[in-house]
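**Student:** What follows is a single structure, and I will ask about it in a moment.
No lab work stands behind these numbers, since they all come straight from the coordinates. Quick caveat, the model's predicted, so the values are computed rather than measured. Counting neighbours? That spans all protein chains shown, and the Cβs are built from the backbone with ideal geometry, glycine included.
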Amino acid sequence: MSSEKPDTSGNWKTPFLIAGGVIGALVGVIAARLYSHADAVALERDRQREPQGVQLSPLAALPIVLSLIQLLRQISALSKNDQS
């Protein structure tokens, strides 16, 4: 009979993996709870605020209008090219 000792050098990995998994799960649960609470607070704040509508200054509307004009020009140019 040989008295072989089991290799105990790899035994440290299992407790560290279990501890890491438990710590990771706890951090995940805490983060989810904080996110859920922040979302509920934001939702309640949005419900209390009155709708403000779209506030668009003339300076901000200028690029949109110019883009629409350019789009219409391109569409009309397409029909002119098809007729020739």
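**Student:** What nm distance separates the two modelled labels at Leu17 and Ala42, each placed 7 Å from Cα along Cα→Cβ?
**Tutor:** Result: 3.7 nm between the two label points.
**Student:** Using r as the Cβ-Cβ distance of Ile75 and Gln55, and R0 as 30 Å, what FRET efficiency do you calculate, to the nearest 0.05?
**Tutor:** On the way: r = 30 Å, r/R0 = 0.99.
Approximately 0.50, to the nearest 0.05.
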